[in-house]
1. Are any residues in the stretch 69-82 touching a Leu at 6+ places or on another chain (Cβ under 6 Å) and either outside any loop (DSSP other than H, G, I, E, B) or at negative phi (or both), and if so, which ones?
2. Residues that are crowded, with 16+ Cβ neighbours inside 10 Å, closer than 24 Å to LYS109 by Cα and touching an Asp or Glu at 6+ places or on another chain (Cβ under 8 Å): does the stretch 250-273 have at least one?
3. Could you go through the stretch 335-342 and let me know if any residue there is surrounded by 13 or more Cβ atoms within 10 Å (Cβ to Cβ), closer than 27 Å to LEU251 by Cβ and out of contact with any helix residue (DSSP H, G or I) (no Cβ under 6 Å at 6 or more places or on another chain).
4. Could you tell me how many of the residues in the stretch 89-128 are of a type in the set (Val, Ile, Thr) and assigned to a helix (DSSP H, G or I)?
5. Out of PHE370, PHE328, which single residue is buried (at least 16 other Cβ atoms within 10 Å of the Cβ) and either touching a Phe, Trp or Tyr at 6+ places or on another chain (Cβ under 6 Å) or at pLDDT 95 or above (or both)?
6. Inside the stretch 98-110, can you point out the residues that are surrounded by fewer than 22 Cβ atoms within 10 Å (Cβ to Cβ) and over 18 Å from ARG9 (Cα atoms)?
7. Modelled with pLDDT under 95, of a type in the set (Val, Ile, Thr), in contact with a helix residue (DSSP H, G or I) (Cβ under 8 Å, 6 or more places away or on another chain) and more than 16 Å from SER75 (Cβ to Cβ): which single residue out of VAL119, VAL139, VAL123 fits that description?
8. Quick test of your reading of the structure: LYS86 fulfils all but one of (1) among the charged types (D, E, K, R); (2) touching a strand residue (DSSP E or B) at 6+ places or on another chain (Cβ under 6 Å); (3) part of a strand (DSSP E or B). Name the failing condition by number.
Amino acid sequence: MKNVKYLIRLNRIPEIDEKERESLQKVTDKFAFRTNTYYQSLINWDDPDDPIRRIIIPSLDELDSWGELDASHESKYTKVNGLQHKYQYTALLLVNDVCGAYCRFCFRKRIFMNVSDEVVRNVTPGIEYIKEHKDINNVLLTGGDPLVMSTNKLKKIIQKLREIDHVQIIRIGTKMLSFNPYRILEDQDFIDLLKEYSTDEKKIYIMAHFNHPRELTDVSIQAINTVLKTGAIIVNQTPLLKGINDDPDALGDLFNKLSYVGVPPYYLFQCRPTLGNKLFSVPIEEAYDIFEQARMKGSGLAKRAKYVMSHATGKIEIIGKTDNHIFFRYHRASNFKEKAKLMVFKRNPNAYWFDDYTDPIGDYSLDNPFLN
């Protein structure tokens, strides 16, 4: 299936009957819809609860008013149009506002809904900002999906970043390895780009986005191996998603299969409380149990993921719980003084986000005698 076609209208999907298409029009009027023929071929259309279908096909439950469009307050960290700088060493360049398909649980769906200045066509101001901030040693290209862009446009951005001495790592956030692996397999220019700019001392990382083990098809694994042979590195991150991978067997299978093909599990995210995402969200304490049970099913190589929340104040890792308490740590903090801070709260089984914990027991910084 090399001639992958992109679809933005439900009436182009014959497996969805007319009555359902009419009802789902309310959803697609509010949140953008996009899919492609390759990814649709992975769906078992006889199963209304099929996890791949759930990832890509709209649901009326998305109209629930729970959540907000910018749940992690990314706008707070936008320094120039198209560039976010939240953590000391990392900058994000939003280079594109289109994806190979639109995940229904996307945390950045706001950029597909409205005309937005968060994504820019001219990255020059962002590049200049990176040049001026020498602490930045790695840059994430994201959006949208950078691999929807032409390779020529992507190459120009990477060329400019490689001219900045203090930028050691370039990361490309993409779901194309699962949405449309032919994008990689049929583009020799992209392979050549990785070979040229992922050097012995300055690697390119592909931040893949496999949510379910069924996405790791033969052709997807072929694309993975093609990328790995260039010298680039691939890691995977996924949210924990109700009805998709919130089962220890499915999540454990995903972690294991990723380790088998040489793609280390990197982050497991708590699903952000983004508008329309309630149907995908699992309470934190339940999700923690699923995560730990999944990790028990694999080798050390399969259990390298960290379970985190991308909160407005930083990346908060969920590190454990007792009968009465739950423990968090800043894996990365926007405030330098909070780096690695340990936080203890009374448990709340109904909590979906860090802000739902209101009974702190204490917090402990690295220089606190409690930790020495």
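1. Residue satisfying the conditions is LEU69 alone.
2. Scanning the stretch 250-273, I find at least one residue that is crowded, with 16+ Cβ neighbours inside 10 Å, closer than 24 Å to LYS109 by Cα and touching an Asp or Glu at 6+ places or on another chain (Cβ under 8 Å), so the answer is yes.
3. Yes.
4. Residues in the stretch 89-128 being of a type in the set (Val, Ile, Thr) and assigned to a helix (DSSP H, G or I): 3 in total.
5. Matching residue, one of PHE370, PHE328: PHE328.
6. Matches in the stretch 98-110: CYS106, PHE107, ARG110.
7. VAL123
8. The one condition LYS86 does not meet is (2).
The values are calculated or read from the model by the stated rules, or taken from the named source; none is laboratory data. What you see is a predicted model; the values in this text were computed from it and never measured. A quick note on method: Cβ atoms are made from the backbone with ideal geometry, for glycine too, and the neighbour counts reach across all protein chains shown.
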